[in-house]
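The values are calculated or read from the model by the stated rules, or taken from the named source; none is laboratory data. All figures in this text were calculated on a predicted structure; none of them were measured in a lab. All Cβ positions, even for glycine, are placed from backbone atoms using ideal geometry, and neighbour counts span all protein chains on display.
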Amino acid sequence: MKPLLIVLLLTAAMQAQNLAITKFALPDEPRQQHTFWTLENKVGASLLAGLVAADAITTQRGLSQGLRETNPVMRPFVTRGSAGEAAGSALGFGAAVGTVYLLHRTHHYKSERIAMRMMVAGETGFVANNIIAIR
């Protein structure tokens with residue numbers, strides 16, 4: 001009985017070793033490399049840049065009409081005039097595209113697309129709110 005058990009265990013060990021080699025073998029060709037600047041990301045970043053510019057313009061127009069900035073993070077920038085507004089907008093745009101790029105580099109491609117679309121949608125809402133407020 002003992003020799004039969006040894007033969008069965010050795011057979012199972014050899015089979016497991018054989019599966020490990022075929023299961024984890026290297027592929028024949030390298031994986032497809034995903035590029036960050038796809039057409040979708042180019043369009044999304046362009047839309048975001050245009051919306052950030054529209055937000056800056058409508059915010060400065062609202063401030064000149066006596067309204068105030070409600071975002072406490074951007075308030076120190078926008079109260080410094082157009083130069084401060086440009087600096088704050090550049091920081092916000094850089095943070096948005098940087099977040100999307102970080103998701104891309106960590107191979108979260110679906111989250112990358114969702115994040116870009118959500119940022120464009122949010123900025124669209126900010127611009128619409130500004131337009132409604134200054135009318």
Are any residues in region 77-101 aliphatic (A, V, I, L, M) and surrounded by 13 or more Cβ atoms within 10 Å (Cβ to Cβ), and if so, which ones? V78, A86, A87, A90, L91, A96, V97, V100
Kindly establish whether T11 is in a helix (DSSP H, G or I), closer than 21 Å to G122 by Cα, β-branched (V, I, T) and modelled with pLDDT of 70 or more. no
Counting only residues in region 102-135 that are under 26 Å from F36 (Cα atoms), among the hydrophobic types (A, V, I, L, M, F, W, C) and more than 8 Å from the chain's Cα centre (by Cα), the one surrounded by the most Cβ atoms within 10 Å (Cβ to Cβ) is identified as M119
